[in-house]
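This report refers to the structure that appears directly beneath it.
Read the figures in this text as sums done on the coordinates, not as results from a lab. All values derive from a computational prediction rather than experimental measurement. So basically every Cβ, Gly included, is an ideal-geometry build from the backbone, and we count neighbours across all protein chains shown.
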Amino acid sequence: MNLYKHKPKIVNAFKWDGFQNTLTKNVNRMELKSFSVNGNHNLTIHTDQGSMLCAIGDYVIQNGINDYYCCKHIDFRNNYSLVDKG
């Protein structure tokens, strides 16, 4: 997973491209149950607060252990800069 800086916070994130292998490469195996992919290759993140839908091109940000959320690509590019490619 790549490291990005959110002024002034650094977060782990990856860009959703619609492929299951991207998910398994970037998310811990024990946390995969929090995600599902639909027929349109959109990613759903299931949280205690409800579900979030990530379209292809959106970013998935890890906020803690088993705590992920979706960020639209435009917002991500406006607020984050790459620190370290993982």
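For the chain, which cysteines have no disulfide-compatible partner, meaning no other cysteine Cβ under 4.7 Å?
C71
Going by average Cβ neighbours within 10 Å, how do the peptides 59-66, 19-26 rank, with the highest at the top?
Values: 59-66: 15.5, 19-26: 13.5.
Packing order, densest peptide first, comes out as 59-66, 19-26.
Can you compute the radius of gyration and Dmax for the chain, using only the Cα atoms, both in Å?
For the chain, the Cα-based Rg and Dmax read 12.1, 37 Å.
Any chance you could count the Lys pairs in the chain whose alpha carbons are under 25 Å apart, treating pairs 8 or more apart or on different chains as valid?
Summing the qualifying lysine pairs gives 19.
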